[in-house]
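Participant: Quick one: the structure is below, and I'll ask about it shortly.
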Amino acid sequence: MGLTSLPFDPFSVYLEKDKAVGVISKTALPVKGANPTDLKDAEATKGLMIHISKALGVNCTYCHNTRAFAEWDASTPQRVTAWHGIRLARDLNVNYLNPLRETFPANRLGPQGDAPKVNCATCHNGVYKPLFGVSLAKDYPSLKKPGAQQTAAEAPAQGI
Ligand code: HEC
Ligand code: HEC
């Protein structure tokens with residue numbers, strides 16, 4: 001959680017459960033039910049954003065205009081990909097990894113007995129495109145659509 005003051009685990013709320021990411025309240029004053037965004041949400045959002053930045057090896061401006069973090073119109077196209085990345089990680093955790101819990105040996109389970117999970121670092125490992133965008137499709141021809149031709153983009157990467 002970096003330098004935030006509250007202990008928090010942003011992964012289970014954002015990358016397993018589908019809590020809305022956000023810090024900006026919709027009303028000026030707390031209105032029961034209508035203004036759910038509080039300091040805790042701000043700290044949790046920050047925790048997730050620090051994770052995303054470290055996992056991709058970038059800083060906030062890779063996705064945001066820091067004058068207006070929430071504003072999609074002022075954000076980069078990469079922020080949209082990251083939005084889908086969050087949904088991708090959730091989908092993998094909820095629909096693929098959690099159901100595999102029973103098939104993992106006990107020593108592969110987490111400290112609370114839960115199944116292993118993915119986060120952004122699982123694939124990105126510190127770079128904005130995993131392996132800087134080297135295509136792995138050529139090594140796994142059996143995963144291709146029958147009859148698909150190799151495209152220029154999938155040809156062995158040069159100069160990397
Ligand atoms: C790789 C892209 C990416 C990077 C880097 C990134 N963010 Fe984000 N950020 C997003 C996305 C996507 C959302 C919206 C997520 C959603 O709605 O599910 C978001 C949401 C936010 C929000 C919530 C805005 C609101 O609606 O209230 C804040 C604040 C924020 N980011 C701050 C930061 C900070 C600070 C950093 C740097 C430490 C950072 N972000 C780095 C992609 C990124
Ligand atoms: C299952 C693997 C996997 C996971 C998990 C994953 N990504 Fe990715 N992501 C990729 C791959 C592969 C690419 C590159 C696609 C391409 O070649 O254009 C990519 C590309 C991106 C890009 C575009 C980079 C650019 O400059 O074009 C962003 C932004 C991104 N991911 C954000 C995220 C975030 C944020 C998370 C975590 C919430 C995440 N990803 C989790 C596999 C993953």
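The values are calculated or read from the model by the stated rules, or taken from the named source; none is laboratory data. Predicted model only: the values in this text are computed from it and were never measured. We place every Cβ from the backbone using ideal geometry, glycine too, and count neighbours over all the protein chains shown.
Okay, residues lined up against (1) surrounded by 11 or more Cβ atoms within 10 Å (Cβ to Cβ); (2) under 22 Å from V21 (Cα atoms); (3) within 16 Å of ligand 1 (Cβ to nearest atom):
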site	(1), (2), (3)
R87	yes, yes, yes
R90	yes, yes, yes
V94	yes, yes, yes
R101	yes, no, no
F104	yes, no, no
Q112	no, no, no
A115	yes, no, no
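Participant: Going by the conditions given, is K129 of a type in the set (K, R) and at pLDDT below 90? So that I can check it myself, show each step before the final result.
Facilitator: Numbers: of a type in the set (K, R): yes; at pLDDT below 90: no.
Criteria not met by K129.
Participant: Next up: Can you pull out the residues in segment 80-105 that are more than 18 Å from F11 (Cα to Cα) and either within 12 Å of the chain's Cα centre (by Cα) or within 11 Å of ligand 2 (Cβ to nearest atom) (or both)?
Facilitator: Passing the criteria: V80, T81.
Participant: From the residues in segment 56-79 that are more than 9 Å from ligand 2 (Cβ to nearest atom) and more than 20 Å from I24 (Cα to Cα), which one is surrounded by the fewest Cβ atoms within 10 Å (Cβ to Cβ)?
Facilitator: The qualifying residue surrounded by the fewest Cβ atoms within 10 Å (Cβ to Cβ) is N59.
Participant: Might you let me know whether segment 107-119 holds any residue that is under 27 Å from L131 (Cβ atoms), in a loop (DSSP other than H, G, I, E, B) and among the small types (G, A, S)?
Facilitator: Yes, segment 107-119 contains a residue that is under 27 Å from L131 (Cβ atoms), in a loop (DSSP other than H, G, I, E, B) and among the small types (G, A, S).
Participant: Mind checking which pairs have a first residue in segment 46-65 that is within 14 Å of V127 (Cα to Cα) and at pLDDT 95 or above and a second that is more than 9 Å from ligand 1 (Cβ to nearest atom) and β-branched (V, I, T), Cβ under 6 Å, 6 or more apart or different chains?
Facilitator: If the second residue must be more than 9 Å from ligand 1 (Cβ to nearest atom) and β-branched (V, I, T), the pairs left are G57/V127.
Participant: Return yes when A115 is under 26 Å from I52 (Cα atoms), of a type in the set (A, V, I, L, M), within 19 Å of the chain's Cα centre (by Cα) and within 16 Å of ligand 2 (Cβ to nearest atom) and no when it is not.
Facilitator: Taking the combined requirement at face value, the residue satisfies it.
Participant: Next question. What pairs can you find where one residue is in segment 129-158 and in a loop (DSSP other than H, G, I, E, B) and surrounded by 10 or more Cβ atoms within 10 Å (Cβ to Cβ), the other is among the β-branched types (V, I, T) and modelled with pLDDT under 65, and their Cβ atoms are less than 7 Å apart, with a gap of 6+ or different chains?
Facilitator: Listed by first residue and then by second, the contacts come to V134/I160.
Participant: So, one more: Can you find, within segment 117-128, the residue that is farthest from ligand 1 (Cβ to nearest atom) among those that are touching a residue at least 24 places away in the same chain (Cβ under 8 Å) and surrounded by 15 or more Cβ atoms within 10 Å (Cβ to Cβ)?
Facilitator: Top of the filtered list is K117.
Participant: Answer with yes or no whether A20 is part of a loop (DSSP other than H, G, I, E, B), within 15 Å of ligand 2 (Cβ to nearest atom) and over 30 Å from L136 (Cβ atoms).
Facilitator: In short, yes.
Participant: How many residues does segment 47-76 hold that are assigned to a helix (DSSP H, G or I) and either more than 6 Å from ligand 1 (Cβ to nearest atom) or over 16 Å from the mean Cα position of the chain (by Cα) (or both)?
Facilitator: Of the residues in segment 47-76, 6 are assigned to a helix (DSSP H, G or I) and either more than 6 Å from ligand 1 (Cβ to nearest atom) or over 16 Å from the mean Cα position of the chain (by Cα) (or both).
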